[in-house]
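A quick write-up on the structure given underneath.
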Amino acid sequence: MNRLFLTAVAAATLLLVGCATTAPAGPSASAQLMPTKGNSVTGQVLFVQKGDKVLVSGEIRGLAPNTEHGFHIHDKGDCSSGDGMSTGGHFNPDNKPHGDHDHGEHHAGDLPSLKADASGIAHLNFESGTITLVSGKTTDILGHGLIVHRDPDDYKTQPTGNSGPRLACAVITQN
């Protein structure tokens, strides 16, 4: 019994130490994706600043089953055009080439592609060191557009990734 108690205390101590050394969560923002004209894609995305990273999580629904889709932060927070084109190009404050979020140089707005499951739902959970929710920083995404594209991102075609039409649009707003 003493051994079990000591093991439990040691585990609790490690858990507390681990929690104490992680950066506290900072500002948060969200984006409510609405379908563009003729589409049915919707979703909710949450952004949370944690130290120098932004944790991105959410769920996108209404995608074709078992498909991949380009997913980008765009320059303008304007979804008024009906086709998502009013958001402009990719958010690229550092003038980098378009590329893969997880490898090499890329626009700040180049996010990992969405992968829909057999039910047409994409779950996302990743972190980014190229965007921020800190006001005054050039990579601050508040007020920018968020777009789900019809096609996969090829990570090569400049400056868009050849991801096709825009299926859903949102403006990233502070919580």
Revision key, fill the gap. Contact order relative to length for the chain, counting C-alpha pairs under 8 Å separated by 6 or more residues, stands in percent at 27 percent
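Suppose R0 equals 25 Å; then what is the FRET efficiency for ASP154 and ALA64 from their Cβ-Cβ distance, rounded to the nearest 0.05?
Values: r = 18 Å, r/R0 = 0.71.
According to the calculation, E is roughly 0.90.
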Point to revise | Computed lengthening from HIS103 to THR173, 0.36 nm per intervening residue step minus Cα-Cα distance | key: 22.5 nm
Exercise for review: Compute the length gained on full extension between MET34 and SER135: take 0.36 nm times their separation in residues and subtract their Cα-Cα distance, giving the result in nm to one decimal.
Suggested key: 33.8 nm
Practice item. Based on other C-beta atoms within 10 Å, arrange LYS156, LYS96 from fewest to most. Key: LYS156, LYS96
Review point. Pairs LYS37/LYS137; LYS53/LYS137; LYS37/LYS96: which are spaced more than 24 Å apart, C-alpha to C-alpha?
Key: LYS37/LYS137; LYS37/LYS96
Review point. Which aspartates and glutamates does LYS76 reach when only Cα atoms under 14 Å apart count, and residues fewer than 8 places away in its own chain are ignored?
Key: ASP140
Point to revise | Of (i) 66, 40, 30; (ii) 44, 34, 25; (iii) 68, 65, 37, the label for Cα extents along the principal axes in Å derived from the coordinates | key: (i)
Check your understanding: Magnitude of the Cβ-charge dipole of the chain, K/R +1 and D/E -1, about the Cα centre, nearest 20 debye?
Key -> 440 debye
Review point. Two-decimal Rg/Rh of segment 70-119 from alpha-carbon positions, Kirkwood Rh?
Key: 1.05
Point to revise | Cα→Cβ-extended label distance, 7 Å offset, between PHE126 and LYS50, nm | key: 1.6 nm
Point to revise | Projected label distance in nm at LEU142 and ALA118, using a 7 Å step from Cα toward the beta-carbon | key: 4.3 nm
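FYI, it's all coordinate maths here, none of it is from the lab. This structure is a prediction, so every number in the text was calculated from the model and none was measured. Here Cβ is always computed from backbone atoms with ideal geometry, including for glycine, and neighbour counts include all displayed protein chains.
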